[in-house]
Amino acid sequence: MSQRVAGRPATPILTQQGIVDAAFALLEEAGPEEFSMGRLARSLGVRTPALYNHVDNRQHLVNLMRRDMVRSIERNMLADLPWTEALFHFAVLFREALLRVPAAVELIVATPISEESESGVIYEEMGRILRRAGVAVPRILMVMVAIESLIVGAALDIVAPGAHVATVPAGDRGTVRSSHVEVMELGEVYARQARTSVSNQSFEFGLRAIISAVEREVSRS
């Protein structure tokens with residue numbers, strides 16, 4: 001009778017969380033354009049069908065990644081803040097969580113939300129803050145959609161290639177570079193930092209504007 005020889009298993013042991021972590025790492029390394037279940041399997045040293053013992057499909061995997069993003073949002077201190085600051089900080093934390101792996105942003109926001117994503121936590125928290133503010137129940141969803149749209153747009157603005165750089169037509173001369181091109185030509189790293197700074201300021205401006213609008217509406221009710 002042959003005995004089992006101890007040692008490393010022939011096939012790497014997979015877990016659902018390990019697949020999720022590897023998906024984030026692959027996106028960070030290769031970008032969303034090169035992301036595929038086949039390439040993810042190769043990065044884990046397994047055949048593609050092995051992934052489907054732990055995730056149903058690509059959409060399921062992306063929603064598990066969204067779940068990790070949701071779980072990373074620290075919400076404990078929000079109840080102790082005035083509602084205006086609680087809403088501001090929650091939105092900032094939501095955007096920061098979405099940008100934890102910038103290369104994953106487009107994939108996450110483009111994938112339909114399913115139950116395993118735990119995204120309901122986000123809407124529950126925003127709804128709780130808005131009820132505390134005194135927002136009328138029929139208006140809560142509208143405000144939440146406005147804030148979520150701002151967050152997602154601001155996150156995409158960070159990862160969009162060439163953001164804040166444009167060319168404009170100049171009659172028969174073809175195109176003329178915008179004044180922002182000079183900034184971009186100072187170097188890729190500097191340009192990325194400049195883009196991030198502008199995006200952060202624009203996001204905070206828009207968020208404060210929404211919160212001020214909510215304050216005005218509540219004060220009139």
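Things worth noting here:
- Distance cut-off 23 Å, percentage of C-alpha pairs in the range 1-153 lying past it: 47
- With 0.36 nm allotted per residue and the present C-alpha distance subtracted, the residue 152-residue 220 stretch has 21.5 nm of extension available.
- The modelled label-to-label distance for the pair residue 72/residue 43, using points 7 Å beyond Cα in the direction of Cβ, is 1.4 nm.
- Full extension of the chain segment joining residue 16 with residue 59 gains 14.1 nm, where the gain is 0.36 nm per residue of separation less the Cα-Cα distance.
- Residues residue 28 and residue 81, FRET efficiency given R0 of 35 Å [Cβ-Cβ distance, rounded to 0.05]: 0.60
- Computed FRET value (nearest 0.05) for residue 202 with residue 123, which takes r as the C-beta separation and R₀ as 22 Å: 0.40
- Using the Cβ-Cβ distance between residue 209 and residue 92 with R0 = 22 Å, the FRET efficiency computed as 1/(1 + (r/R0)^6) comes to roughly 0.90.
- With both labels modelled 7 Å from their Cα along Cα-to-Cβ, the residue 139 to residue 113 distance reads 2.2 nm.
The numbers here are math on the coordinates, done by the rules we state, and not lab data. Since the model is a prediction, treat every value here as computed from it, not as a measurement. Quick reminder, even Gly has a Cβ in these numbers, built from the backbone with ideal geometry, and neighbours come from all protein chains shown.
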